[in-house]
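Contents: one structure, followed by commentary.
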């Protein structure tokens, strides 16, 4: 019996759409940096076949921008949460610092109260540093993703803030993603 229904599938016979899906999946491997995914994982894949290399050469910039836009849209919510966390930590630190400074001078046997205020201040400082480091990491990710986007998007079109005409209208999430600025991270 003839087995004409099965053919061997090689990397050369895979359709271009499948190649694009494979490349997009490889670009999603690294959580933070697209260039790390390209340098480590995609380099080997590009050299696997001439077809894969041609697909990457033709569609690489578009795929990179698409992945960067998706990550930037996901990063926006995390950035806002990180910013709120930093504001709350700053407020907590200032309140506890004021409580320590304004605390009455106590006798020697009442020093535990002052120590507790000092410990609370140390905890607030640690929370503030953690929130500040987290926001710095978000800013670093943002700068990297913007570098991936800039060849295809003029910097004026990259703005997370809504324009003044959009502020009262509510705007959609697409408005925020479609317009992603360099000033959006200047707090």
So, of the residues in the range 82-111 that are within 17 Å of the chain's Cα centre (by Cα) and surrounded by 12 or more Cβ atoms within 10 Å (Cβ to Cβ), which turns out to be nearest to residue 125 (Cα to Cα)? 86
Considering only the range 20-31, I want to know if a residue exists there that is out of contact with any helix residue (DSSP H, G or I) (no Cβ under 8 Å at 6 or more places or on another chain) and not in a helix (DSSP H, G or I). yes
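Residues checked against (1) out of contact with any helix residue (DSSP H, G or I) (no Cβ under 9 Å at 6 or more places or on another chain); (2) farther than 22 Å from residue 62 by Cα; (3) part of a helix (DSSP H, G or I); (4) at pLDDT 55 or above:
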| site | (1), (2), (3), (4) |
| --- | --- |
| 87 | no, yes, yes, yes |
| 131 | no, yes, yes, yes |
| 151 | no, no, no, yes |
| 177 | no, no, yes, no |
| 180 | no, no, no, no |
Is it the case, given these coordinates, that residue 15 is modelled with pLDDT under 80 and exposed (fewer than 12 other Cβ atoms within 10 Å of the Cβ)? yes
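The values are calculated or read from the model by the stated rules, or taken from the named source; none is laboratory data. Because the structure is predicted, anything quoted here is derived from the model rather than measured. With ideal geometry, Cβ positions are generated from the backbone for all residues, glycine too; neighbour counts draw on all protein chains shown.
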